[in-house]
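Read through the structure below, which is laid out as C-alpha cells, and then see the notes.
Each value in this text was obtained by applying a stated rule to the coordinates, not by laboratory testing. Keep in mind it's a predicted model, so treat the numbers as computed, not measured. Neighbour counts are summed over all protein chains in view; Cβ atoms, including those assigned to glycine, are modelled from backbone coordinates with ideal geometry.
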Amino acid sequence: QGELVITKPMPSMPVSFWNDPGGERYRSAYFSEWPGVWQHGDWITFTDRGSCVISGRSDATLNRGGVRIGTAEFYAVVESDPAVADSLVVHLDTGDRLLLFVALRDGAELSDELRARLSADLRSSLSPRHIPDEIIAVPAIPRTLSGKKLEVPVKHILTGTPPDLAAARGSLANPASLDPFVELAQVLKPRRS
C-alpha cells in the first residue's frame, strides 16, 4: 500500500492545465515529489487477488496509529445515523487529533447520547483508533459546486492556512459553510503554537 504513482505515460493523463503556458502549475501538481514520476494524490492498496483499493486522496486519508482508512468508509458509518445529514472528518497531524464535524437533520441535536452512539458505531465498524477526539456540530458541510467535500481545504484552514488560500469561495456550493471552520481555527491557534 502507498501513494499511487505512475512511471510511464497513460491515456487519461492530462498533458497540461489551462492558463498555465509554462507548465509550472502542472509540474507542481503531479511531478514535484519525485521528478519524472506522476504522483496522482491517491492512497492505494493492492490485494492478494491482484485487484486494488483506492482509499481516497492521500492527503485526506485518515492515518491514526498506522491504521489507514479512507474517509468514504468513515462517512458511510456516520451518515447512516438518522440524526446526521452530512459529515466531514479531518485528522490534524499536530497532536494526532481526529475531528468529526456533523451537520444534523432538522430537530436533531448533538447530545452526549449521539456522540456516544457515533463513537460506538465507528469503533465496531472501523477500529477503536478511528473514534474522533471531538465531534462538533456545524450548520453545513462545505462542498464544491460539483458536490465534493472540502476535506483538505478544511484541514488546511484548521492548521493555520488563510481561508482564501485554502479554498476559492467562488467554487463552493455554500461559501458561508467555511465560516465555522475559520472561527474554530482561531480557537485552535493557541494549541498549535
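Calculated translational diffusion coefficient of the chain (4 °C, 1.567 mPa s; Stokes-Einstein with Kirkwood radius over alpha-carbon pairs) equals 70 µm²/s.
For the Cα atoms of the chain, what angle does the longest principal axis make with the long axis of helix 112-125, in degrees from 0 to 90, nearest 10? Value to nearest ten degrees: 40. Over the chain, what is the percentage of antiparallel beta bridges among all DSSP beta bridges, to the nearest 5? Here the share of antiparallel DSSP bridges comes out near 85 percent.
Available extension along the chain between R49 and Y26 is 4.9 nm, counting 0.36 nm per residue and deducting the alpha carbon span.
Taken along the Cα-to-beta-carbon direction at a fixed 7 Å, the label points for V15 and E33 span 2.6 nm. Subtracting the Cα-Cα distance of A168 and E183 from 0.36 nm times their residue separation leaves 3.7 nm of extension gain.
A quarter of the convex hull surface defined by the alpha-carbon atoms of the stretch 2-57 gives 4.6 nm² as the mean projection. On the principal axes of its alpha carbon atoms, the stretch 93-163 extends 34, 32, 20 Å, with the longest extent given first. Neighbours of A103, meaning other residues whose beta-carbon lies under 13 angstrom from its beta-carbon, give a summed charge of -2 when Lys and Arg score +1 and Asp and Glu score -1.
Each residue of the stretch 171-182 was assigned a 3J(HN,Hα) from its phi angle through the Karplus curve 6.51 cos²θ - 1.76 cosθ + 1.60 (θ = phi - 60°); the sequence is 9, 9, 5, 9, x, 5, 5, 6, 4, x, 6, 5 Hz, with glycine and proline shown as x.
Straight-line cross-link partners of K189 among the aspartates and glutamates, defined as a Cα under 20 Å from its Cα and at least 8 positions apart when in the same chain: D93, D96, D133, E134, E151, D164, D179. Our coupling estimate for the stretch 87-103, obtained by passing each phi through the Karplus curve with A = 6.51, B = -1.76, C = 1.60 and θ = phi - 60°, is 8, 8, 10, 9, 10, 8, 4, 5, x, 6, 10, 10, 10, 10, 9, 10, 9 Hz, Gly and Pro reported as x. Each residue of the stretch 158-164 was assigned a 3J(HN,Hα) from its phi angle through the Karplus curve 6.51 cos²θ - 1.76 cosθ + 1.60 (θ = phi - 60°); the sequence is 5, 9, x, 6, x, x, 5 Hz, with glycine and proline shown as x.
Dipole of the chain, Cα-centred, from +1 at each Lys and Arg C-beta and -1 at each Asp and Glu C-beta, to the nearest 20 debye?
Using Cβ point charges on Lys, Arg, Asp and Glu, the chain gives about 380 debye.
Here the peptides 27-40, 95-108, 144-157 are ranked by packing, the mean other Cβ count within 10 Å, and the order with the highest first is 144-157, 95-108, 27-40. With a Cα-only, solvent-free Debye model of the stretch 82-124, what are the log10 I(q)/I(0) values at q = 0.25, 0.26, 0.32 Å⁻¹? For the requested q values the scattering log ratios are -0.97, -1.01, -1.17.
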